[in-house]
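Heads up: the structure comes next, in structure tokens.
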Amino acid sequence: MKKFFLSIFAISTLVASCASEDDIYNDDSLKAYEASGEYFFANAQKELVDQLTTPSVNLNVFRYFSQYWAATTYRAESRYDLTTRNIPDNHWDNLYAEVLGNFKKAKENILLESKPALMSETEWNKIQQNRIAIIEVLMVYTYQVLVDSFGDVPYSQSLDIVNTPLPKYDDDAAIYPQLLIRLNAAITKLDAGYGSITPNQDLVYAGDVSKWKLFANSLKAKIAINLADVNNSLAKSSIEEAYAAGVIESNTNNALLAYNSFAPNYNLIHEELVQSNRNDFVPASVFVNKLNSLSDPRRPVYFTFKDADHGGTTYEGGNYGYQNLLPYDESYSHIGDKIKEPNLPGVLIDAAEINFILAEAAERGYSVGSAATHYENAVKASLSYWGILPADITAYYAQPNVNYTTAPGMWKEKIGNQAWIAMYNRGFESWTFFRRLDYPAIVAPPSAYPVAEGKIPVRLTYPSTEPNINGASYQAAVVAIGGDKLSTKVFWDVN
């Protein structure tokens, strides 16, 4: 397991957290040389968002899976060679060690902390309860990402390297209901009448318990919608409960981690594309052409004009799955300046995503309101998030090919196409929508490696180290899921 470390976010608060009018901050039960649980919590938050945000092809290739970006020089990953750079290994290691490991350490250290002398027992217990519940919610989020990435994964025996250094892989279909049980327990413990994580250590909601409750219920809906085709009764009851309790339906409640405008804590897209001066990506033509067909007002945010330095006025992408070696500056649109800003927030859950999920739930007959209303809210939430003017939002939604009533196809196609556009900077979530809805109608490029079997991958293969390190458990999992292949579906992907 990788070592734990303190992020700059955490270190920068060491001095500030020593003086406050709040008794909890002035308590010195934790000495300066001993990191508090909240420092590990902040680090785990950032590691989680980093892993889902980074465009590094060593870590995250989900923008390729959704065909948002095309390669210029190094095209192997866009052709689904994931093993040369050990991408599954890095995704697995980061989520287990740097995210779940730090959350586990955060929980352990928080439980060791002593009550400040001037604080009542009741208040302290409530604060502790809230802190642990928030950690639990984010651990559930992380386990869902792991299951949705690989299928069967270590769960019940994970994170205990002393007693179970070689953990078994749990059945992915069995993990999901356990995540809902765990999440429901955390939700019942969140009490907005009391404090929680110190504001400057909670990089998403600054300790706001009411917003963490919205997040937890939104996560409940995220998990449940994936169950719709395999356990409809549990999906229905869970989503209806989440909706009734309150979920993220407006951008004001989005779960965002605000990166800094300076190193080393700026957005990793900025780090990879601007600070590293890399020209490895251009927008993929299949995606650019879709937005062109709709005159989508997000185009100047998502892309630059082709040959913008010489007055270009059109958007043109590169050929997905191939090297795009024409003169880089003049021949393609490029990743939009907004997307490359150093302080562009990373996203865990947003209103567009949840409204699309609610639209889907309504179409499946769940009692969550109108599918058309949620779809419209989702589309408009995305447009608004990217700063599109209200008049342009209204005009865009009025188009027959966008409006829910008149957009082409059945509901899966309508929702799938617009979720694809809205999730542009959230490759993993876009990939999840695609696997569940089978839209947009994108296909693997002819240049894809044989290992992909002519298909867009629907899971990551297991880390290359697992057969040697945890061989028995690995082999059992391979048999259980039907083969360690990119084409082997996770349990909920039945269509």
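With every protein chain left in place, what is the accessible area of M410 in Å² (1.4 Å probe, nearest 10)?
M410 has an accessible surface of roughly 150 Å² with all protein chains in place.
Starting from the stretch 258-354, pick out the GluC sites (Glu not before Pro) whose DSSP state is loop and whose Cβ has at most 13 other Cβ atoms within 10 Å. Spell out each step's value before the answer.
Numbers: sites: E271, E272, E316, E330, E353; in loops: E316.
Within the stretch 258-354, no GluC sites (Glu not before Pro) qualify (loop, at most 13 other Cβ atoms within 10 Å).
Kindly express, to the nearest 10 degrees and within the range 0 to 90, the angle between helix 121-150's C-alpha long axis and the longest C-alpha principal axis of the chain.
Here the helix axis deviates by roughly 30 degrees.
For the charge dipole of the stretch 138-205, defined by +1 on Lys and Arg C-beta atoms and -1 on Asp and Glu C-beta atoms about the Cα centroid, which residue among V204, G151, I175 has the Cα displaced farthest towards the positive pole?
V204
Provide the descending list of Cα extents for the stretch 199-294 along its principal axes, expressed in whole angstroms.
The Cα atoms of the stretch 199-294 stretch 49, 42, 24 Å along the principal axes, largest first.
Given the C-alpha centroids of the stretch 394-420 and the stretch 135-196, what is the distance between them in whole angstrom?
Cα centroid of the stretch 394-420 versus Cα centroid of the stretch 135-196: 35 Å apart.
Count charges around V301 for me, please; just the other residues with Cβ under 10 Å from its Cβ, Lys/Arg as +1, Asp/Glu as -1.
Details: positive: R298, R299, K338; negative: D296, D337.
In short, +1.
With a 1.4 Å probe and all protein chains kept in place, how do S333, S367, S285 rank by accessible area, largest first?
Working: S333 0, S367 85, S285 30 Å².
Descending accessible area places them as S367, S285, S333.
Would you calculate the convex hull of the Cα atoms in the stretch 117-158 and tell me its volume per residue in Å³? Don't jump to the answer; show the numbers that get you there.
Numbers: hull volume 3.2 nm³, N = 42.
It is 76 Å³ per residue.
Using only Cα atoms, tell me the angle between helix 102-112 and the longest principal axis of the chain; keep it within 0 to 90° and round to the nearest 10.
Roughly 20 degrees, rounded to the nearest 10.
Under 30 Å Cα to Cα from K126, which lysines show up? Leave out anything in the same chain fewer than 8 places away.
Leaving aside lysines fewer than 8 places away in the same chain, those within reach of K126 are K31, K46, K104, K105, K107, K115, K189, K211, K213, K220, K222.
Check L82: other-chain or 5+ apart residues with amide H under 5 Å from its amide H, H built from backbone geometry?
Here the answer is none, since no amide H 5 or more places off falls under 5 Å of that of L82.
Please report, to one decimal in angstroms, the Kirkwood hydrodynamic radius of the stretch 373-439 built from all distinct Cα-Cα pairs.
Working: mean 1/r = 0.0821 Å⁻¹.
Computed over the stretch 373-439, the radius equals 12.2 Å.
May I ask you to give the average projected area over all directions of the convex hull of the Cα atoms of the chain, in nm² rounded to one decimal?
Numbers: hull surface 92.8 nm².
Averaged projected area of the chain's Cα convex hull equals 23.2 nm².
I need the chymotrypsin sites (Phe, Trp or Tyr not before Pro) found in the stretch 197-280, filtered to DSSP loop residues with at most 11 other beta carbons within 10 Å of theirs. Don't jump to the answer; show the numbers that get you there.
Details: sites: Y205, W212, F215, Y243, Y259, F262, Y266; in loops: Y205, Y259, F262, Y266.
Within the stretch 197-280, the qualifying chymotrypsin sites (Phe, Trp or Tyr not before Pro) (loop, at most 11 other Cβ atoms within 10 Å) are F262.
Counting alpha carbon pairs within less than 8 Å and at least 6 residues apart, what relative contact order, in whole percent, applies to the chain?
On the way: 860 pairs, mean separation 98.0, N = 495.
Answer for the chain is 20 percent.
On a 0 to 90 degree scale, rounded to 10, what angle separates helix 209-225 from the longest Cα axis of the chain?
50 degrees
Leaving out ligands and nucleic acids, note down the accessible area per residue over the chain with a 1.4 angstrom probe, in whole Å². Don't skip to the end; give the middle numbers.
Values: 18980 Å² over 495 residues.
Per residue, the chain has 38 Å² of solvent-accessible surface.
Largest first, what is the accessible-area ranking of Y141, Y385 with a 1.4 Å probe?
Values: Y141 0, Y385 65 Å².
Putting Y141, Y385 in descending order of accessible area: Y385, Y141.
Amide H to amide H under 5 Å from D170: which residues, 5+ apart in sequence or cross-chain, H placed 1.01 Å off N in plane?
Here the answer is V153, Y155, S156, since their amide H atoms fall under 5 Å of that of D170.
Mind checking the dipole of the chain: about its Cα centre, +1 per Lys or Arg Cβ, -1 per Asp or Glu Cβ, Debye to the nearest 20? Before the final figure, lay out each step's value.
Values: 40 positive and 56 negative charges, 173 e Å.
Taking the Cα centre of the chain as origin, the dipole is about 840 debye.
Would you mind working out the magnitude of the charge dipole of the stretch 330-443 relative to its Cα centre, with +1 at each Lys and Arg C-beta and -1 at each Asp and Glu C-beta, to the nearest 20 Debye?
Numbers: 9 positive and 12 negative charges, 44 e Å.
Approximately 220 debye in magnitude.
Pull up the cross-link candidates among the aspartates and glutamates for K236, meaning alpha carbon to alpha carbon under 14 Å and not fewer than 8 places away within one chain.
Answer for K236, where 14 Å is the Cα cut-off: E360, E363, listed by chain and number.
The values are calculated or read from the model by the stated rules, or taken from the named source; none is laboratory data. Remember, it's a predicted structure, so these values are computed and weren't measured experimentally. Glycine gets a Cβ as well: all are built from the backbone with ideal geometry, and neighbour counts include every protein chain shown. These area figures cover heavy atoms from the full protein model, side chains too; ligands, DNA and RNA do not enter into them. Shrake-Rupley method; radii C 1.70, N 1.55, O 1.52, S 1.80 Å.
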